[in-house]
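The values are calculated or read from the model by the stated rules, or taken from the named source; none is laboratory data. What you see is a predicted model, and the numbers here were worked out from it, not measured in a lab. FYI the Cβ positions are ideal-geometry reconstructions off the backbone, even for glycines, and counts take in every protein chain you see. We work out accessible area using only protein heavy atoms, side chains counted, and drop any ligands, DNA or RNA first. Shrake-Rupley method; radii C 1.70, N 1.55, O 1.52, S 1.80 Å.
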Amino acid sequence: MPGSYADKWFNDLGTMETASMAALRIAFFKRWLPMKKLKWSRAQQKEWIRGQTLREEDIGAWIAEGQVEDYGQNVWATKVMQLALSMGDVEGALIEYALEGVPMLLKEHLTCEYNTWEDFLEAIRTVPKEKLSIGRQ
């Protein structure tokens, strides 16, 4: 996707890193290490997701974490989604437990009914910052 983190990464690669598919693959895995699928029970998965709470002060705040810069709620939602997917939750069964960690400031702008992690992330990302600012006041 143009303008994405991956697009910027790819455009910043040197000629040696794009000379062959093997070199590109090595560069890719240096940048994005494959996440290992964790072997946890469903109860452990629920507790781990519940533990990923979003701090109210991070909502609407610009966060720079490593290579990622975005609003705090988006950084949090992406991390929770990646964690759940790494545990094998491709069907989105753990979304309801992630929503438990969302402060009311943000939750009141969500339907809290999502079928996929992509829908969940999109819902978080599309809440206008202006609405969050008004809610904070």
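Descriptive notes on the structure:
- Taking the chain and dividing mean pair separation by its residue count, relative contact order in percent (alpha carbons under 8 Å, at least six apart): 23
- Accessible surface, per residue, of the chain when the full set of protein chains is kept, probe 1.4 Å, Å²: 66
- Candidates LYS107, LYS30, LYS39, ranked by Gaussian network fluctuation over the chain, Cα under 10 Å, top entry: LYS30
- Here the extension length gained between GLU47 and ALA6 equals 11.7 nm, from 0.36 nm per residue of separation less the Cα-Cα distance.
- Considering only Cα atoms, the convex hull volume of segment 76-137 works out to 70 Å³ per residue.
- Counting only DSSP H runs of at least 4 residues, each contributing -39500 (n - 2.57), and dividing by the residue count of the chain, the helix-based mean residue ellipticity at 222 nm comes to -13500 deg cm²/dmol.
- Electrostatic tally near ILE63: other residues with Cβ closer than 9 Å to its Cβ, Lys and Arg +1, Asp and Glu -1, net -4.
- Segment 10-77: Rg to Rh, with Rh as the Kirkwood radius over Cα pairs: 1.14
- Close amide H pairs (under 5 Å, H built 1.01 Å from N) link ILE63 with ASP70, TYR71, GLY72, residues at least 5 positions away or on another chain.
- Residue of MET87, MET21, MET104 that the Gaussian network model of the chain assigns the largest fluctuation, springs spanning Cα pairs under 10 Å: MET21
- Compactness ratio for segment 4-129: Cα radius of gyration over 2.2 N^0.38 Å (N = residue count) comes to 1.21.
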